[in-house]
Amino acid sequence: MQTRPAICRKKARYSSEAEALGVAERAPFILRPYRCGLCRGFHLTSRTKGMRVPDFERKRRRNNA
Ligand SMILES: [Zn+2]
C-alpha cells in the first residue's frame, strides 16, 4: 500500500506487526496493520480491500457465525 508522507507523519507508528495487531484487536472497529514503505514501520488502516484477514478477526467471525 502506498502511503503519502503527510499520512505517514500523522498516523501512529508501530515497530512490529504484532504490536499493530494488538491495537487493531482492541479497537472497536475493523483495523488492519500494513507495512509503510516510507518509515518501514507499521500503521493501521480501516481500508480492508486487498488486506490479509488477521487471525483474531478470523476467530471472531467464526465465533459469531
Ligand atoms: Zn509510515
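The values are calculated or read from the model by the stated rules, or taken from the named source; none is laboratory data. Note that the structure is a prediction, hence the values are computed from the model and not measured. Glycine gets a Cβ as well: all are built from the backbone with ideal geometry, and neighbour counts include every protein chain shown. Quick note on the areas: whole protein, heavy atoms, side chains included, nothing else; ligands and nucleic acids left out. Shrake-Rupley method; radii C 1.70, N 1.55, O 1.52, S 1.80 Å.
The numbered conditions (1) within 12 Å of the ligand (Cβ to nearest atom); (2) of a type outside the set (D, E, K, R); (3) within 11 Å of the chain's Cα centre (by Cα) are all true for Ser15 except (3).
Cβ separations smaller than 8 Å between residues 6+ apart or across chains give the following pairs from the range 31-48 residues that are under 11 Å from Glu17 (Cα atoms) to residues that are of a type in the set (Asp, Glu): Pro33/Glu17; Arg35/Glu17; Phe42/Glu17; Phe42/Glu19. Under the condition of being in contact with a helix residue (DSSP H, G or I) (Cβ under 8 Å, 6 or more places away or on another chain) and open to solvent by 30 Å² or more (accessible area, probe 1.4 Å), which residue from the range 15-52 is nearest to Thr3 (Cα to Cα)? Top of the filtered list is Leu38. Filtered by the rule that a residue be among the aromatic types (Phe, Trp, Tyr), more than 15 Å from the ligand (Cβ to nearest atom) and not in a loop (DSSP other than H, G, I, E, B), the range 20-62 gives a lone residue, Phe56. Of all residue pairs spaced 6 or more apart or on separate chains, those with beta-carbon atoms under 6 Å, a first member in the range 1-28 that is more than 11 Å from Phe56 (Cβ to Cβ) and a second member that is open to solvent by 90 Å² or more (accessible area, probe 1.4 Å) and outside any helix (DSSP H, G or I) are Thr3/Leu38; Cys8/Leu38.
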